[in-house]
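What follows is a single structure, written as structure tokens, with notes after it.
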Amino acid sequence: MSTDSKPSGPPLPRVPSHSPAPHSPPLTERQEARRRRILHTSAQLACRGGFDAVQMREVAETSGVALGTLYRYFPSKIHLLVATMQDQLGQLHGTLRKRPPVAAEPADRVAETLMRAFRAMQREPHLADAMVRALTFADRSVSAEVDTVSRLTTAIILDAMGLDAPPTAEQLSAVRVIEHTWHSALVTWLSGRASIAQVKIDIQTVCRLIDLTSPE
């Protein structure tokens, strides 16, 4: 997952898993609870049968909302599944903050973090496939949601790096390449073209960019 981060400035803030689309008015407590039910239902259906199992009418019925209401929250199935990935990454981010990586070097911490994220996807391959397919199919109408997923992925990597100063342009470039590689690794693993062992090697290799771009 790529990022459109600016080449300088402070680390990107954490994007809460419950955030509505950028520039949307804040949700009320009732609206937030409804949104969370919808996302939970989306994840459950995807876990059972992947991308094709997530049907908007069934999501609405299972979540206890009107179909029109569902479409006001999520204009399409792609919007819904990208938001589901944001929610899943947000939960992962919270877990990582409670149990951060323990490796001594930033590159090793990032590799450990991304492999933990990968294993979380591995536990629910149908869900992972549905979310990755949604990202792949997303057009410009979903750009805000995709950007939120990207910013959250960036925040996870920057947290793992544990920088003492704002990231440099070179470091942010390395983060973008790492995100691209992680996303590609997910796609190749889901399609059966890469083993877990190969994914680990690729992640460890690309994370060496962190050492190469360190200002020290």
**Report entry** the chain - accessible surface per residue (Å², probe 1.4 Å)
**Finding:** 51 Å²
Report task. Just grab the label-to-label distance for THR28 and ALA104, each label 7 Å out from Cα along the Cβ direction, in nm (one decimal). Result -> 5.6 nm
Report summary line: Cα-based Rg/(2.2 N^0.38 Å) for segment 53-96, rounded to two decimals, is 1.28
Query raised in the report: Once both axes come from the Cα atoms, what is the angle between helix 77-98 and the longest principal axis of the chain, in degrees from 0 to 90, rounded to 10?
Result: 50 degrees
**Report entry** Backbone HN-Hα couplings from phi across segment 38-51 [Karplus 6.51/-1.76/1.60, Hz, Gly and Pro as x]
**Finding:** 5, 5, 5, 5, 4, 5, 4, 5, 5, 4, 6, x, x, 4
Query raised in the report: By how many degrees, 0 to 90 and rounded to 10, does the Cα axis of helix 106-123 deviate from the longest principal axis of the chain?
Result: 30 degrees
Requested in this report: Return the sequence-ordered ³J(HN,Hα) values of segment 56-61 in whole Hz as given by the Karplus equation 6.51 cos²θ - 1.76 cosθ + 1.60 applied to θ = phi - 60°, using x for Gly and Pro.
Outcome: 4, 5, 5, 4, 5, 5
Query raised in the report: Angle, helix 169-190 long axis vs. longest principal axis of the chain, Cα atoms, 0 to 90°, nearest 10?
Result: 60 degrees
Query - Net charge, PHE137 excluded, C-beta distance under 14 Å - Lys, Arg +1, Asp, Glu -1 - result: -1
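The values are calculated or read from the model by the stated rules, or taken from the named source; none is laboratory data. Predicted model, so just to flag it, every value in this text is computed and none were measured. Virtual Cβ from ideal backbone geometry, glycine too; neighbours counted across all protein chains shown. When the accessible area is computed, the model is the full protein with side chains, heavy atoms only, and any ligands, DNA or RNA have been set aside. Shrake-Rupley method; radii C 1.70, N 1.55, O 1.52, S 1.80 Å.
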